[in-house]
Each structure stands twice: as C-alpha cells, then as structure tokens.
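Submitted below is the structure of interest, expressed as structure tokens.
Just so it is clear, none of the values below were taken in a lab; they were calculated from the coordinates. Computed from a prediction, not measured in an experiment: that's the story for all the values here. Note: ideal-geometry Cβ built from the backbone for every residue, glycine included; neighbour counts use all protein chains shown.
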Amino acid sequence: MNKKVFLGGTCNSSQWREAVKPLLKIDYFDPVCKGEWTQEAYERELYEREHCDFVMYVITPKMTGVYSIAEVVDDSNKRPGKTLFCFLEADEGSAFDKVQIKSLNAVAKMVKNNGGKVFESIVEMTNYLNTFAVDVEHHEEDGELTAHG
C-alpha cells in the first residue's frame with residue numbers, strides 16, 4: 001500500500017500544492033476546501049493529519065494567519081518522525097522580510113530539534129517522500145501483485 005502525505009501549510013490562493021501534486025509518487029490529502037469550510041471538513045482534516053504517514057507543511061509569504069506554524073510545531077512534538085517542514089521565501093510576488101525569515105529559521109530549528117525533517121525546497125521534500133513510493137506491478141500470467149519500493 002502506498003504511503004500518504006497530508007499537505008498542510010499556507011492557503012490563501014498560494015499554488016504550492018498544485019506544484020507539489022504532480023511531483024508526488026505517493027498518495028496525498030489536500031485539506032483545502034473548494035467550498036464552505038464546515039465542521040465535517042475540519043474533522044476530516046484532523047483525521048487525515050493524524051492518520052497520514054507524513055504531514056508536510058509548506059509556509060509561504062501568502063500566509064496571513066499563524067495556525068500552520070502552530071500545527072507544524074505541534075506535530076513535530078507529537079509525531080516527529082512524520083513531520084516535514086519547509087518555507088519558501090517568495091510566492092508569486094510576495095516575499096518574507098528579513099525578520100520573518102529569521103523567525104521561520106527559528107521554527108525550522110525547533111522542528112528539527114523536535115525530530116522532524118526540514119527541507120530547503122519543495123523539490124527536495126517531494127524527492128524525500130518519493131523514496132517511500134511503492135510501485136505495484138500486475139503479472140498477467142500468474143495474477144500476482146508485486147510491490148517494489
């Protein structure tokens with residue numbers, strides 16, 4: 001069975017998730033709702049965050065709230081082995097200032113000290129996740145499924 005990653009982090013029309021999805025060779029859960037945010041959507045997000053094999057947090061300058069920062073620190077404490085973090089200094093014309101970058105580097109250090117993994121880029125993070133992909137081949141002659149990882 002393929003591993004699954006929770007795509008947490010900046011929303012606010014940031015397109016980082018759309019850039020990541022085609023790069024992933026494992027399954028993913030995207031918590032961004034296309035419609036109204038409901039209690040059911042919130043409960044599904046909590047379930048997926050707890051049950052996915054990995055929780056990935058990408059923070060970009062389009063972030064307006066700070067809840068994703070709280071989530072990544074919380075997960076790096078509760079689930080350090082599956083917590084992945086990276087921040088992008090720029091996102092479609094928006095950029096973090098030097099003070100914000102200093103704070104985000106401190107968050108990255110905290111995540112790492114808690115046992116989570118910190119990455120310099122989305123590509124580096126997806127390459128890491130793809131090492132957990134399982135290719136399943138179906139052999140017609142014997143009907144067996146063979147997993148390659």
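Just want to confirm a number: the relative contact order over region 1-126, from Cα pairs under 8 angstrom separated by 6+ residues, in percent. Working shown, then result.
Details: 188 pairs, mean separation 35.1, N = 126.
Computed value for region 1-126: 28 percent relative contact order.
What is the order of 76, 94, 13, 68, fewest Cβ neighbours within 10 Å to most? Mind dumping the intermediate values first?
Details: 76 26, 94 15, 13 9, 68 18.
Sorted ascending by nearby Cβ count, the order is 13, 94, 68, 76.
A follow-up question, please. Any idea how far the Cα center of region 5-64 sits from the one of region 96-135, in Å?
Between the Cα centre of region 5-64 and that of region 96-135, the gap is 15 Å.
In the chain, if the dipole is taken from +1 on Lys/Arg beta carbons and -1 on Asp/Glu beta carbons about the Cα centre, which of 130, 47, 61 is farthest to the positive end?
61
Let me ask you something else. Would you mind putting 37-43, 4-10 in packing order, based on average other-beta-carbon counts within 10 Å, highest first?
Numbers: 37-43: 10.4, 4-10: 23.3.
Taking the mean over residues of other Cβ atoms within 10 Å, the ranking is 4-10, 37-43.
While we're here: Go through region 27-38 residue by residue and turn each phi into a ³J(HN,Hα) via Karplus (6.51, -1.76, 1.60, θ = phi - 60°); whole Hz please, and just put x for glycine and proline.
6, 8, 10, 9, x, 6, 8, 7, x, 6, 6, 10
Which percentage, to the nearest 5, of the DSSP beta bridges contained in region 1-138 is antiparallel?
Bridges in region 1-138 that DSSP calls antiparallel: roughly 10 percent.
Turning to a different aspect of this structure: With the radius of gyration and the Kirkwood radius both derived from the Cα set of the chain, what is their ratio Rg to Rh?
Numbers: Rg = 16.6 Å, Rh = 16.3 Å.
Taking Rh as the inverse mean 1/r over Cα pairs, Rg/Rh reads 1.02.
Over 25 Å between Cα atoms: which of 21/62; 25/117; 25/102 fall into that group? Don't jump to the answer; show the numbers that get you there.
Working: 21/62 19 Å; 25/117 19 Å; 25/102 32 Å.
The pairs that break the limit, which is 25 Å between Cα atoms, are 25/102.
Taking square-rooted eigenvalues a ≥ b ≥ c of the alpha carbon gyration tensor, is region 1-42 rounded, prolate or oblate, where a/c under 1.5 means rounded and, failing that, a/b exceeding b/c means prolate? Can you show the working numbers first?
Numbers: a/c = 2.76, a/b = 1.38, b/c = 2.01.
Oblate is the answer for region 1-42, as a/c is 1.5 or above yet b/c matches or exceeds a/b.
So how tilted is helix 67-78 from the main axis of the chain? Cα-based, degrees 0 to 90, rounded to 10.
The answer is roughly 60 degrees.
Which of 122, 101, 59 moves most in a GNM of the chain, Cα contacts under 10 Å?
Per the Cα network of the chain with a 10 Å cutoff, 101 tops the list.
Moving on. Residues with amide H under 5 Å of residue 9's amide H, sequence separation 5 or more or different chain, H placed in the peptide plane at 1.01 Å from N; which?
Sorted by chain and number, the residues that satisfy this are 58.
I'd like to compare 48-58, 102-112: which one has the highest average count of other Cβ atoms within 10 Å, and what's the full order after that? Display every interim value, and only then the final one.
On the way: 48-58: 20.2, 102-112: 15.5.
Sorting 48-58, 102-112 by mean packing, highest first, produces 48-58, 102-112.
Angle, helix 98-113 long axis vs. longest principal axis of the chain, Cα atoms, 0 to 90°, nearest 10?
Approximately 40 degrees, to the nearest 10.
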